[in-house]
Amino acid sequence: MMKRAYLFAVLSAVLFVGVASAQEYPLMNMVADRVIQKYQQATCEQLWKRKGHKTDEEKNLIQLLRDDPQMRTAFINKVAAPIANKMFECGMLP
């Protein structure tokens with residue numbers, strides 16, 4: 001019984017943090033969704049060609065994330081898994 005209560009408390013906290021960050025940065029969430037979609041729809045060849053090349057929009061987003069550590073954490077938490085999975089599939093990660 002104690003394990004269930006503990007598990008419920010942990011899951012509730014994780015859900016609350018996820019919802020709170022989604023409400024706190026709606027613009028960041030839109031951008032993160034676009035980034036995820038871009039990676040999921042790109043072929044491996046396209047990703048290899050784009051590696052290291054950033055648009056002005058991407059550079060601005062990076063600067064914004066550097067200036068706001070909390071937003072950066074929320075952004076990375078949202079995009080890390082989908083991007084890492086795609087990069088792994090494409091042989092871009094060991």
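The values are calculated or read from the model by the stated rules, or taken from the named source; none is laboratory data. Predicted model, so just to flag it, every value in this text is computed and none were measured. We place every Cβ from the backbone using ideal geometry, glycine too, and count neighbours over all the protein chains shown. For accessibility, only protein heavy atoms count, side chains too; no ligands or nucleic acids. Shrake-Rupley method; radii C 1.70, N 1.55, O 1.52, S 1.80 Å.
Structure above, values below:
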| item | result |
| --- | --- |
| Sequence-distant lysines (8 or more away, or on other chains) whose Cα lies within less than 29 Å of LYS59 | LYS38, LYS49, LYS51, LYS78, LYS86 |
| Efficiency of FRET from Cβ geometry, TRP48 and THR73, R₀ 25 Å, rounded to 0.05 | 0.30 |
| Accessible surface, per residue, of region 27-94 when the full set of protein chains is kept, probe 1.4 Å, Å² | 74 |
| Charge dipole magnitude, Cβ of K and R +1, D and E -1 - region 19-94, Cα centre, debye nearest 20 | 240 |
| Most to least accessible of PHE75, PHE88 (protein chains only, probe 1.4 Å) | PHE88, PHE75 |
| LEU93 accessible area, 1.4 Å probe, all protein chains in place, Å² to nearest 10 | 70 |
| Area of CYS90 that stays accessible when all protein chains are in place (1.4 Å probe, Å², to 10) | 20 |
| Selection of trypsin sites (Lys or Arg not before Pro), region 44-94, meeting DSSP coil and at most 16 other Cβ within 10 Å | LYS51, LYS54 |
